[in-house]
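Beneath this line is the structure, given in structure tokens, with notes to follow.
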Amino acid sequence: MTSKNLGNVLIRSDLNVPIRNGTVLDNFRIKKSIEYIEKLQNISSSVTFTSHLGRPKGVEHSLSLKPISDEMSKLLNQDVVFINNNLDEDIKNILNSKEKGIFLLENLRFNEGEIMNDEKFAKGVASPFDTYILDAFGASHREHASIVKIGNHLNSFQGPLMSKEIEELNKVLNESNQDFTILLGGAKVSDKLALIKNLLPRVNNLLIGGGMCFTFLKALDYNIGNSLCEDQFIESAKEILDSADGKKITLPIDFGVTKAIDSHARNNIDISEFSDDDIGVDIGKETIKKFQEILSKSKTIFWNGPMGVFEVDEFSHGTKEITNAIAEMDVYSIVGGGDSVNAINKFSSVDKFNHVSTGGGASLEYLEGKALPGVNIYNQLII
Ligand code: AMP
């Protein structure tokens, strides 16, 4: 990196955050994206952020980034100017009109050129700027214009947040000590099969909770009632259980169970006592105890996915207990983003974990061992 002036800087961040009625519900990604802005302002003429939000089909008012510029203004305690057209020919004049200004462009995906990875679009977005900083780890698994094309037209760097994400996830990939535990949960087993296959040989323990454990339990011939199950992956689950020889993988032994997601739970039901219409929605107290015991003997923990339907208070007990247990443990904890971050925000605090990833899908793909299109394509920006 150079200490010379970077001119007009465009940063591709991942500002894809939940918004309801114009209000940002969770600003974790925004906070992480603006952490180094002051330093950057010192070496540039202007700083402009760009991001996608959701999956719009053309221009959709509800997916405008305007609420994000309001949130950024609040967090930075200075005006972040919103520019509502990525290809406005006037952008250079707007940038130059405000020395050291901070700007945010409208949702990249309002232009189909973004996801079509269109060269003309990339060139158009790049044209008012001098420097590009690719810092959107959460979108780095996408072959989109802002990930792989815009940077070709500018003096480009990999951003500090992206570099930190890679450094932390590399710790998981390169971990081979005896005290490494992976804790997985969430809804879909299919999202995490490749990751399990890649990491299982290196871990001492794999704990599986959430909805995804039922595909494994069904593979072991338990009656799981109406619990979530991806039947087409039962064979893969069997293969994984066989390959671990049953030693490394720990599955829940009891559950919070209900007949319907909007009705009451019966707690601590043994897996051998499920009836045909039972739905497992949380892990039970024996499982929590067992998981906590294994986690407490670990030196490194990688966690991704809630232990139950934690959005419903009555089914949130297991996720809450496990979140708080890890938060208080003397371990190196890495959290793989997505819903685990929502759980941490609900029950604890991100400061109590060593690294909380801003990228859900991207961190999972990275840990599958895939080369992501946006990772390590530019030199790191060190500021
Ligand atoms: P994922 O995106 O795969 O991490 O899944 C997160 C979602 O999994 C959350 O919305 C949880 O409500 C859901 N989930 C966790 N445990 C269960 C379960 N036992 N049954 C159904 N859904 C679950």
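A residue that is within 12 Å of the ligand (Cβ to nearest atom) and either in the same structural domain as VAL356 (by TED's automatic domain parsing) or at pLDDT 95 or above (or both) cannot be found anywhere in the stretch 288-297.
Examine the stretch 202-217 for a residue that is out of contact with any helix residue (DSSP H, G or I) (no Cβ under 7 Å at 6 or more places or on another chain), among the aromatic types (Phe, Trp, Tyr) and within 16 Å of the ligand (Cβ to nearest atom), and state whether such a residue exists. Yes: one or more hits.
Yes/no matrix, rows are residues, columns are (1) hydroxyl-bearing (Ser, Thr, Tyr); (2) within 28 Å of the chain's Cα centre (by Cα):
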| residue | (1), (2) |
| --- | --- |
| SER64 | yes, yes |
| ASN96 | no, no |
| LEU104 | no, yes |
| ASN111 | no, yes |
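At least 3 residues being hydrophobic (A, V, I, L, M, F, W, C) is the threshold, and among the strands (runs of 3 or more DSSP E) wholly inside the stretch 1-119 those reaching it are 8-12, 80-83, 102-105. The set of residues from the stretch 246-262 being away from the ligand (no atom under 14 Å from the Cβ) and loosely packed, with under 14 Cβ neighbours inside 10 Å comprises GLY246, LYS247. Note on the stretch 195-254: residues that are part of a loop (DSSP other than H, G, I, E, B) and not acidic (Asp, Glu) total 21. When ASN342 is tested against (1) within 12 Å of the ligand (Cβ to nearest atom); (2) touching a helix residue (DSSP H, G or I) at 6+ places or on another chain (Cβ under 6 Å), only condition (2) is not met.
Out of all the residues in the stretch 45-82, which are within 17 Å of THR131 (Cβ to Cβ) and out of contact with any Ser or Thr (no Cβ under 7 Å at 6 or more places or on another chain)? Answer for the stretch 45-82, where residues must be within 17 Å of THR131 (Cβ to Cβ) and out of contact with any Ser or Thr (no Cβ under 7 Å at 6 or more places or on another chain): SER45, SER46, VAL47, THR48.
Can you confirm whether ILE301 is within 22 Å of PHE180 (Cα to Cα), among the aliphatic types (A, V, I, L, M) and within 16 Å of the ligand (Cβ to nearest atom)? No; evaluated as a whole, the condition is false for this residue. Restricting attention to the stretch 218-229, the residues being within 15 Å of the ligand (Cβ to nearest atom), within 23 Å of ASP245 (Cβ to Cβ) and surrounded by fewer than 21 Cβ atoms within 10 Å (Cβ to Cβ) number 2. Reported count of residues in the stretch 187-201, each being away from the ligand (no atom under 13 Å from the Cβ) and of a type in the set (D, E, K, R), is 1.
The values are calculated or read from the model by the stated rules, or taken from the named source; none is laboratory data. This structure is a prediction, so every number in the text was calculated from the model and none was measured. Heads up, the Cβs are rebuilt from the backbone with ideal geometry, glycines too, and the neighbour counts pull from every protein chain shown.
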